[in-house]
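Visitor: Before I ask anything, let me first share the structure, which is written out below as structure tokens.
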Amino acid sequence: MNTEVLGLIALPLGVICLCLAALWQLNVVLTESYTLNRFSGRQLFAVVTTMMMTFSLAVYGFCPNARKKGIIFLLLVLVGAGLYGWAYWVLPFQAKP
């Protein structure tokens, strides 16, 4: 197989991995946010604000059970971004006039 065919295979696989990473992040936030009930008042407001500003990545810092699940998220993001970037670099995209 030449690199263009591999690039055509890697491009959708990268997008699929990134979509799976987003779904996994949603799953982690929904299943592990119950541990945030130990915060109250201003602390809870600060935690929720931090989670909103970091696109819920702060859940891995505030919820101890979510840290092991973060490895799956990190792998999906790295593989997805790597495949997508490699495919974009390999495929001969042309600028339209």
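Visitor: Looking at the structure I just gave you, is L76 open to solvent by 60 Å² or more (accessible area, probe 1.4 Å), modelled with pLDDT of 85 or more and assigned to a helix (DSSP H, G or I)?
Guide: no
Visitor: Would the stretch 89-97 turn up any residue that is basic (K, R), at pLDDT below 85 and outside any helix (DSSP H, G or I)?
Guide: Yes, the stretch 89-97 contains a residue that is basic (K, R), at pLDDT below 85 and outside any helix (DSSP H, G or I).
Visitor: Tally the residues that are within 16 Å of V28 (Cβ to Cβ) and in contact (Cβ under 8 Å) with a residue 24 or more places away in the chain, restricting the search to the stretch 61-97.
Guide: Residues flagged as within 16 Å of V28 (Cβ to Cβ) and in contact (Cβ under 8 Å) with a residue 24 or more places away in the chain within the stretch 61-97 amount to 11.
The values are calculated or read from the model by the stated rules, or taken from the named source; none is laboratory data. Just so we're clear, the structure is a prediction, and the values are computed from it rather than from any experiment. Neighbour counts are summed over all protein chains in view; Cβ atoms, including those assigned to glycine, are modelled from backbone coordinates with ideal geometry. SASA here: full protein model, heavy atoms, side chains in, ligands and nucleic acids out. Shrake-Rupley method; radii C 1.70, N 1.55, O 1.52, S 1.80 Å.
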